[in-house]
Amino acid sequence: MPRRADRLDLSFKDEKVYLLGLDPNGFKRARRGNPDGISIAKSGTERKPNMEQQTLVIIKPDGLKKSLTGNILTRLSETKLEIVAAKIIRVSRDLAVEHYKHMEDKPFFEELIKYIQGELHERRKVMAMVYWGDDAINRVRKLAGSTNPEEADPTTIRGSYGRITTKGLYENVIHTSSNEPEAERETKLWFEPDEVIVDPYPTKFVTLTNITKRVWA
C-alpha cells in the first residue's frame, strides 16, 4: 500500500478541503484503487466508502469474427467507466473449464468450452478487459442485456448481436461478471496483478524458482 505523507490542507475561498497526500509514485494508483474508500471532502463532512467496482468483460470469438469489437467498445463507453486492463488471449482448455466450472453439469458444457476457445468460429482468441468505476457491474450488465439473446432488450449488446444455436448454446458475443464475488474470481483468473493498472484486491510478493517462460529473443 502506498506510504501516507503528511495531510495537506488546501483552502478555496471560504471552504477548506483536506487532501490526504501520498508519495508521488503511489498517489494516482492509490486514489484509483482507493483501499480506504477516502475521497476529497469538505471540512466537517463524513468520508463515506465509494461504490467503485471492477468487472470482467470478454468479447467472445463470435464477436471478434463478426468484427463487432468497435461496436461493443463504443456501447460500453456509455457506462463512463475506465478500462484498467485489456489483452487479446488464446483461451486454453484449462482456463475455459475453470471459467465455466459452475456450468460443468450442463448438457451443453463441452459446446460452451469449444465456443469460448473459438473452435466454433475459427477465431481462437478473445478480448478480455477489466472495467472499473462506480457501480461497474450493474452498469455493464445493463448495457450487455440478458444472457439469453432472445430475451435481451433489442437495444442491448446481446439483443443486437446475439443468437441461440440449434443445440441451445447462447452465442451472446460478450461475457460480463454477474456479481462482486464472481468479478473478483474472474479478474484474478484472467489477469495477473501487474496487468491491471489499479489495485482492486490485496496482493503479495512471492519468490518463484525453476520457472521457465518464453521471452523475446
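Determine whether LYS142 is closer than 19 Å to LEU56 by Cα and surrounded by fewer than 16 Cβ atoms within 10 Å (Cβ to Cβ). Quick ask: steps written out before the conclusion?
Numbers: closer than 19 Å to LEU56 by Cα: yes; surrounded by fewer than 16 Cβ atoms within 10 Å (Cβ to Cβ): yes.
Considered against the rule, which asks whether it is closer than 19 Å to LEU56 by Cα and surrounded by fewer than 16 Cβ atoms within 10 Å (Cβ to Cβ), LYS142 comes out as yes.
Which of the following residues is among the β-branched types (Val, Ile, Thr), touching a Ser or Thr at 6+ places or on another chain (Cβ under 7 Å) and at pLDDT 95 or above: VAL91, VAL97, VAL57, VAL84? Reasoning before the result, please.
Numbers: VAL91 fails: touching a Ser or Thr at 6+ places or on another chain (Cβ under 7 Å); VAL97 fails: touching a Ser or Thr at 6+ places or on another chain (Cβ under 7 Å); VAL84 fails: touching a Ser or Thr at 6+ places or on another chain (Cβ under 7 Å).
Exactly one residue qualifies, and that residue is VAL57.
State all residues of the range 172-191 that are outside any helix (DSSP H, G or I) and farther than 19 Å from LEU73 by Cβ; if no residue qualifies, say none. It would help to see each step written out before you state the result.
At the first step, the residues of the range 172-191 found to be outside any helix (DSSP H, G or I) are 172-179, 191.
Residues satisfying the conditions are SER178, ASN179.
Based on this model, can you work out whether ALA152 counts as under 30 Å from ASP194 (Cβ atoms) and in the same structural domain as PRO193 (by TED's automatic domain parsing)? Even if it seems obvious, please write down each step before you answer.
Working: under 30 Å from ASP194 (Cβ atoms): no; in the same structural domain as PRO193 (by TED's automatic domain parsing): yes.
No.
For the subset of the range 100-144 comprising residues that are in contact with a Ser or Thr (Cβ under 6 Å, 6 or more places away or on another chain) and among the basic types (Lys, Arg), which member is farthest from THR165 (Cα to Cα)?
Filtering the range 100-144 for residues that are in contact with a Ser or Thr (Cβ under 6 Å, 6 or more places away or on another chain) and among the basic types (Lys, Arg), the one farthest from THR165 (Cα to Cα) comes out as ARG139.
Looking only at residues that are of a type in the set (Lys, Arg) and assigned to a helix (DSSP H, G or I) in the range 60-81, which one is modelled with the lowest pLDDT? Give the derivation first.
Taking the range 60-81 as the starting set, the residues that turn out to be of a type in the set (Lys, Arg) are 60, 65-66, 75, 80.
Adding the requirement that they be assigned to a helix (DSSP H, G or I) leaves 65, 75.
Details: LYS65: 94, ARG75: 97.
Checking each candidate, the answer is LYS65.
The values are calculated or read from the model by the stated rules, or taken from the named source; none is laboratory data. Please read these numbers as outputs of a predicted model, since none were measured by experiment. As a convention, Cβ positions derive from the backbone with ideal geometry for all residues, glycine included, and neighbour counts pool all protein chains shown.
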